[in-house]
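Working notes for the structure below.
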Amino acid sequence: MILESALLDVRPGREEEFLAAFAQARPLISVQKGFRSLELRRCLDEGSGSRFLLQVEWETLADHTEGFRRSAEYEQWRALLHHFYAPFPTVEHYGEPLLTA
């Protein structure tokens, strides 16, 4: 299992519009080969109401980087969401947990 993680800094004042667009975009990713789950959380720290944490679980790294990112659905995802970000997020991928409690 691979965990994709991205901090999404949404342009201030556009948070609700972003959340509505994300609700439209979610089905585009959930039908992809290797997709396992998705979580979107809003940052609760003061002054960070425009920051969101996106975490997506994939079966393999290639399911995300080669499968989803090269799909027609990704083009729709990009059109729905990418204009909300400033700056554009860094996406990172993590392997299996090394320690759990």
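What follows is calculated from the coordinates using simple rules that are stated; it is not laboratory data. Given the structure is predicted, the values throughout are model-derived calculations rather than measurements. Cβ placement follows ideal geometry from the backbone for every residue including glycine, while neighbour counts extend to all protein chains displayed.
Under a point-charge model restricted to the Cβ atoms of Lys and Arg (+1) and Asp and Glu (-1), what is the dipole moment magnitude of segment 2-93 relative to its Cα centre, in debye to the nearest 20?
Roughly 180 debye for segment 2-93.
Where in the chain lies the longest segment free of trypsin sites (Lys or Arg not before Pro) that are both loop residues by DSSP (not H, G, I, E, B) and have at most 16 other Cβ atoms within 10 Å?
In short, 34-101.
Just to check I understand the Karplus step: with θ = phi - 60° and J = 6.51 cos²θ - 1.76 cosθ + 1.60, what whole-Hz values come out for segment 64-71, glycine and proline as x?
In residue order, the calculated couplings are 8, 6, 9, x, 5, 5, 9, 8 Hz.
What does the extension gain come out to for GLU66 and LEU53, with contour length at 0.36 nm per residue minus their alpha carbon separation?
Result for the pair: 2.5 nm of gain on full extension.
Take ALA79, project a point 7 Å from its Cα along the Cβ direction, then tell me which residues of segment 19-54 have their backbone nitrogen under 16 Å from it.
Taking a point 7 Å out along Cα→Cβ of ALA79, the residues of segment 19-54 whose backbone N falls under 16 Å are 21-22, 24-29.
For a test of the definition: using alpha carbon positions, the gyration tensor, and the 1.5 limit on a/c, classify the chain as rounded, prolate or oblate.
oblate
Considering the dipole of the chain built from charges on the beta carbon (Lys and Arg +1, Asp and Glu -1) around the Cα centre, which of GLY49, THR65, PHE84 is farthest to its positive end?
Of the listed residues, the answer is PHE84.
For segment 58-76 and segment 82-101, what is the separation of their Cα centres, given in Å?
Cα centres, segment 58-76 to segment 82-101: 15 Å.
Find out how many positive minus negative residues lie around GLU4, taking Lys and Arg as positive, Asp and Glu as negative, among other residues whose Cβ is under 12 Å from that of GLU4.
-3
Just to confirm a number: summing +1 for Lys and Arg and -1 for Asp and Glu over residues other than ILE29 whose beta-carbon lies under 13 angstrom from that of ILE29, what do you get?
Around ILE29, the charge tally is -1.
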